[in-house]
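Below you'll find the structure, written out as structure tokens, and then a few comments.
The values are calculated or read from the model by the stated rules, or taken from the named source; none is laboratory data. Small disclaimer: the values here were computed from a predicted structure and weren't measured. Here the Cβ is made from the backbone with ideal geometry for all residues, glycine too, and neighbour counts use every protein chain on show. Keep in mind that these areas ignore ligands, DNA and RNA; they rest on the heavy atoms of the full protein, side chains included. Shrake-Rupley method; radii C 1.70, N 1.55, O 1.52, S 1.80 Å.
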Amino acid sequence: LKEGEATTLVMKMHNSQLTLIDEEKFTYSDGWNNLAEDVDQVILKLEQKVNVTIKDTIFFLYSNLIDEKTKEVKKEYFAKIKELVKKLDLKALGYIECYEAAKYILEKKEEIPLSTILIELDHANLSLFVYKRGQIVFVRTITFTGNLIDDLLTCFQEIKGKFVLPSRIVLYNSKDLEAE
């Protein structure tokens, strides 16, 4: 789930292996106001397409939906997710912040602890995560002005002189990142 759009993944567990069956990206019809209805339409479409019933759910959330201090889903988003689960009779298994999933995938692929600057872009927010030897050493979420370089410089000013930054930057988002 992101601010104005989401991707629904249908996955199946077989012999301790998780397999992607299908996916559907969609834009919310009215922000988070009609989230349950929008997700219901997508789930119905996917259930018919792949001939399964979807119940167990894990939510992948962008960092701007999480309170930086409490590390919990912000109240306004939590209420909408709770409503969604209840209306659609889903079993919520929990949530994962997208940056944690990205870290896991990169470390598994490279077989070494992550040392990188991970940047999560959403329409209105930019989240920056600095990893050194697998440990997160800096996190900041700011309003995304549309100028990636200026926004990054703002974040880097906060850590200037505190430690050496990793040499690699990884950007992720569901939109085309080539321009960035």
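Compared with the dominant principal axis of the Cα atoms in the chain, helix 35-50 is inclined by about 70°. Sites listed here are trypsin sites (Lys or Arg not before Pro) in region 80-145 whose DSSP assignment is loop and whose Cβ has at most 16 other Cβ atoms within 10 Å: 133. Neighbours of residue 55, meaning other residues whose beta-carbon lies under 15 angstrom from its beta-carbon, give a summed charge of 0 when Lys and Arg score +1 and Asp and Glu score -1. Here the chain is assigned +1 on the Cβ of each Lys and Arg and -1 on the Cβ of each Asp and Glu. Its dipole about the Cα centre then comes out at about 660 debye. Going through the cross-link list 25/45; 2/71; 12/80; 55/75; 12/91; 25/69, which pairs have a Cα-Cα distance over 20 Å in this structure? As for pairs spanning more than 20 Å Cα to Cα, those are 12/80; 55/75; 25/69. When the square roots of the Cα gyration tensor eigenvalues are ordered a ≥ b ≥ c, the ratio a/c for region 87-180 is 1.5 or more and a/b does not exceed b/c, which makes its shape oblate. With just the Cα atoms defining each centre, how far is region 32-68 from region 102-180? Give it in Å. Result: 26 Å between the Cα centres.
Overall shape: oblate for region 86-139, with the ratio a/c of the largest to smallest alpha carbon gyration tensor axis at 1.5 or above and b/c at least equal to a/b. Which shape class, rounded, prolate or oblate, goes with region 1-138 when its Cα gyration tensor gives a ≥ b ≥ c as root eigenvalues, a/c under 1.5 marks rounded, and past that a/b bigger than b/c marks prolate? Judged from the Cα gyration tensor, region 1-138 comes out oblate (a/c at least 1.5, b/c at or above a/b).
For residue 122, the residues whose amide H sits under 5 Å from its own are 127, ignoring neighbours fewer than 5 places away on the same chain, with H placed 1.01 Å from N.
Listed values for region 65-70 are Karplus-derived 3J(HN,Hα) couplings in whole Hz (6.51 cos²θ - 1.76 cosθ + 1.60, θ = phi - 60°), namely 8, 10, 6, 4, 7, 8, and x replaces Gly and Pro. For region 37-180, the residue among 93, 152, 62 whose Cα projects farthest onto the positive side of the dipole built from Cβ charges is 93. Proximity of backbone amide H atoms, modeled 1.01 Å from N, is registered between residue 66 and 74 at under 5 Å, excluding neighbours fewer than 5 places apart on the same chain. Annotation for region 98-172: GluC sites (Glu not before Pro) lying in DSSP loop with at most 15 further Cβ atoms inside 10 Å of their Cβ are 111. The residues 45, 74, sorted by heavy-atom accessible surface at 1.4 Å with ligands and nucleic acids left out, run 45, 74 from largest to smallest.
On a 0 to 90° scale, report how tilted helix 98-110 is relative to the longest principal axis of the chain, with both axes built from alpha carbons and the result rounded to the nearest 10. For helix 98-110, the angle is close to 70 degrees. A simple rule links phi to the HN-Hα coupling: the Karplus curve 6.51 cos²θ - 1.76 cosθ + 1.60 with θ = phi - 60°, which for region 71-76 gives 6, 10, 4, 4, 3, 5 Hz, with x for Gly and Pro. Take the Cβ atoms of residue 156 and residue 83, set R0 to 35 Å, and the FRET efficiency comes out at 0.35.
Students sometimes get this wrong: rank 53, 8 by accessible area, probe 1.4 Å, all chains present, largest first. Write out the running numbers ahead of the final one.
Details: 53 110, 8 25 Å².
These residues rank, largest area first, as 53, 8.
Database remark: amide H of residue 114 closer than 5 angstrom to the amide H of 134 (H placed geometrically; neighbours at sequence offset of 5 or more, or on other chains; Pro and chain starts carry no H).
Relative to the longest principal axis of the Cα atoms of the chain, the long axis of helix 148-159 lies at roughly 60 degrees.
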